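So the structure is just underneath, and the comments pick up after that.
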Amino acid sequence: MSKFENLVVVITGAGGGIGRVLALSYAAQNASVVLVDKDEQKLCETKDLLQQSGSESYAIQLELSDGQAIAPAFQQIEEKFGRIDVLINNAGLGITKSPYELELDEWDYVMNTNVRGCFLCSREAAKVMKKQGKGSIVNISSTRSMMSEANTEAYAASKGGIDALTHALAVSLGPDGIQVNAINPGWIETSDYSSLRKEDHEQHPAQRVGKPDDIARACLYLTDPENDFVTGTNLTVDGGMTKKMIYVH
């Protein structure tokens, strides 16, 4: 019997990429998966994939930048299932634009989606988890919280905020039996992996670019009910890139 049998797992950004693979991975563990995404078509595609694999799921269309819409969505989940065991805050976005030109509403959209959305989803899920006396929250951050490319200020700031939010929530929610951890992915290729160049792989100490499955396995570890001593941590899954010195010779 799977450790996740009959547990209710809520995944934001489940319409594609890492979120879709997360949904498939937890469904394969016989969890009850709740799919959350702002894109209704992508939600349906993920739900269809799960159904084809023999798993049923529950889908909710939700725009995370709309702070007023989050609490009702989680109330809907509680009414449907009576519990929430795992929340994975995977949804996120970025805008690549010079800081000289980045508009206030663009900055706010990134921050409201990535940081405020993460906080509000965590708070609403935690209200349900507290009643159960246990639960696990995983925030998908990024190595961009520690290092940057040019013109990614809003995204980097939002991921730095998620890292800080993770340890703050871990301390606040720990007495209620709720673990809160983060995963900091590096380059995770979500489209055509076969099109990557040799040098794309070889620049990584691990000698390959990451795949969504790498993040799914990390999530399964952090949310394993037996791993209740792991909380407030950031698990970097980047093939070693943040530990590599890079100089031009």
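With each label modelled as a point 7 angstrom along the Cα→C-beta vector, the Asp213-Ser98 pair spans 4.3 nm. If you run the Gaussian network model on the chain, springs between alpha carbon atoms under 10 Å, then out of Leu102, Leu222, Leu64 the most flexible one is Leu102. Using the alpha-carbon positions of region 124-201, Rg (one decimal) and Dmax (whole number) come out as 16.5, 51 Å.
Each peptide in 118-126, 43-51 was scored by the mean count of other Cβ atoms within 10 Å over its residues; highest first, the order is 118-126, 43-51.
Accessible area of region 175-235 with a 1.4 Å probe: how many percent of it is carbon plus sulfur? That share works out to 49 percent. Note on the chain: with a GNM built from Cα contacts shorter than 10 Å, the maximum mean-square fluctuation among Asp192, Asp213, Asp108 falls on Asp192. Using a probe radius of 1.4 angstrom, the carbon and sulfur fraction of the accessible surface of region 58-130 is 48%.
Taking 1.567 mPa s as the viscosity and 4 °C as the temperature, the Stokes-Einstein diffusion coefficient of region 44-135 based on its alpha-carbon Kirkwood radius rounds to 86 µm²/s.
Counting only protein heavy atoms and a 1.4 Å probe, the chain has 50 square angstrom of accessible area per residue.
Counting only alpha carbon atoms, the long axis of helix 212-223 and the longest principal axis of the chain meet at about 50°. Would you give the gap between the C-alpha center of region 42-62 and the C-alpha center of region 186-201, rounded to a whole Å? Each part's Cα centre sits 26 Å from the other's. When the chain is treated as a Gaussian network with alpha carbon springs shorter than 10 Å, the biggest mean-square fluctuation among Gln41, Gln132, Gln179 belongs to Gln41. In vacuum, with every alpha carbon of the chain counted as one equal point scatterer, what does the Debye formula give for log10 I(q)/I(0) at q = 0.07, 0.10 Å⁻¹? Two decimals, please. Summing over Cα pairs of the chain leads to -0.23, -0.47.
The values are calculated or read from the model by the stated rules, or taken from the named source; none is laboratory data. Computed from a prediction, not measured in an experiment: that's the story for all the values here. Neighbour counts are summed over all protein chains in view; Cβ atoms, including those assigned to glycine, are modelled from backbone coordinates with ideal geometry. Heads up: the accessible areas ignore ligands, DNA and RNA and are worked out on the full protein's heavy atoms, side chains in. Shrake-Rupley method; radii C 1.70, N 1.55, O 1.52, S 1.80 Å.
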